[in-house]
Amino acid sequence: MIVSCRSPLYQLAPVALQERLLSWQTRLRRWLTRPAALAQTRNAIADSQWLSREGWQSLQFAAVRDLALHAARHTRYYQDVFACLGTDPSAWTSLDDLSRVPALSKDEVISIGDGLLARDGTWLRFQGSTSGTTGRAMRGWRDQASVTFEQAFVDRQAEWAGYRPGDRRAWLRGDPIVPTRQQGGPLWRFNRADNMLMLSSYHLSRYNGLAYLHALESFDPVLLQAYPSSVAYLARLLEDEGRHYRGPALRGIVTSSETLGADDRRVIAERFGCPVFDWYGAFERVAAIGTCEHGRYHVMEDYGVTEFEDNGDGTANLIGTGFGNRSMPLLRYRSDDRVVLADPDFQCGCGRSFRVVERILGRVDDVIRTPDGRHVVMLDWIFAGLFGLIEAQVVQERLDLVRIRIVVAPEFSAQDEQHLLQRARERLGPQVTLRIERVPAIERTRNGKFRQIVSRIHSRQDIR
Ligand SMILES: [Zn+2]
């Protein structure tokens, strides 16, 4: 798209034209999401968030049966699946019937390819793909209705964070809104159509970070939407400076696209002086989890049917059936992401009856495996309370070799480094060789995402 910030035109344009292009991109997106359809979905989900458990279960049953019927009639793959099962979704009588459909993994979706595309789809379709940082990249198709559906839920999460349409907001995510070759000058752009200050997450450094904070405080947004690693970086800078964020209008921060660590969440909330609302949405559009005003992670039950595949250790894999994408319907897609389960009878003070999970752990690949057979996922605490530590990444090279790459401020002492080493040793065990490496920066993935854990162990043979 010519107006996209990834286009050569944008990358070469002067700042004033770049800002216009960002506004045009917003207007084009608004047109694509069809304002009337968006308003209709937003109104519907403004009501459905308050449904009782029985209420959302019956909504799910109607929606999933409708989607399965559509898939059975219009996709080659599901036509075969239902022929093999000897049943038709029109005969389904409860949500339990969905479990007869075999779950699909990412590799299976890649192999099936076009067999999952609806033959009656509209001409206007968009292709996306997973970032492909681990394993094979998966391509997926979405249509206009799917984009609209997704937008309505993202908007509802922003409203839970105190944002109202038209309010000032700020954006610190993976969009390359400032060309990477640019070093000086403002590292943000104003998008007038969205009343939004967009800051580049690719230029975060100690020096630039202070300028970012100043720009944010001057603009004074009501909402900040950010990658957790980017806003945590700014929060740690504030901590180093011994001060708090000074914009009086800020009501909430919505983080998404990366796993939000407990310690990062605490530092962000403390330094920015507002609650953090973490949003989980899978690229495959099969499940969504948002944060309510009481700080709880709720499964968006009106977005799709989310099943928890219990791993027996308090964690579960997500199997999702999203209602939003009829161009490429996925029934029971097994995502690579895991959650920590909460008490199933927990009733949230916000009044919603949507199920709650304790934490989102992120991708299954993002674990450290130890020679004694453990899978270690929660590593935030080894970094907690180390002043001067700006960012850290744990890289598992071999089963018995882990590198910890750190970006630090001058006050990070040799003693701090010893603390870090000691904690990592306690967590990973004595058989693992640990190396701490000080680096000037930690590179992002192709989509600008930060990964706290990188494992280079992939095959079963490597694990022995
Ligand atoms: Zn709640």
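What follows is calculated from the coordinates using simple rules that are stated; it is not laboratory data. Computed from a prediction, not measured in an experiment: that's the story for all the values here. Cβ sites come from the backbone with ideal geometry, for glycine too, and all protein chains shown count toward neighbours.
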Handout entry: Burial ranking of peptide ranges 275-288, 33-46, 16-29 (average Cβ count within 10 Å, highest at the top)
Key = 275-288, 16-29, 33-46
Practice task
Would you mind getting me the FRET efficiency between residue 180 and residue 241? Use the beta-carbon distance for r and R0 = 30 Å, nearest 0.05.
Solution key: 0.70
Exercise for the section: Tell me what the chain gives for mean residue ellipticity at 222 nm when only DSSP H runs of n ≥ 4 count, each as -39,500 (n - 2.57), the sum divided by the residue total, rounded to 500 deg cm²/dmol. Expected result: -10500 deg cm²/dmol
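Once you keep just the Cα pairs under 8 angstrom separated by 6 or more residues, what percentage relative contact order results for region 398-456? Mind showing how you got there, number by number?
Numbers: 47 pairs, mean separation 28.1, N = 59.
Once divided by the residue count of region 398-456, the mean separation gives 48 percent.
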Handout entry: Normalised contact order of the chain, rounded percent, pairs of Cα under 8 Å and 6 or more residues apart
Key = 14 percent
Handout entry: Equivalent-ellipsoid semi-axes of the chain, from the Cα gyration tensor, Å, largest first
Key = 36, 29, 22
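Based on alpha-carbon positions alone, could you give the equivalent ellipsoid semi-axes of region 384-452 from the gyration tensor, as √(5λ), descending, whole Å?
Here the semi-axes work out to 19, 18, 9 Å.
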Completion exercise
The simple spin-label model distance between residue 294 and residue 20, using points 7 Å out along Cα→Cβ, in nm, is 5.1 nm
Completion exercise
Output ordering of 51-57, 406-412 (per-residue mean of other Cβ within 10 Å, highest first) is 406-412, 51-57
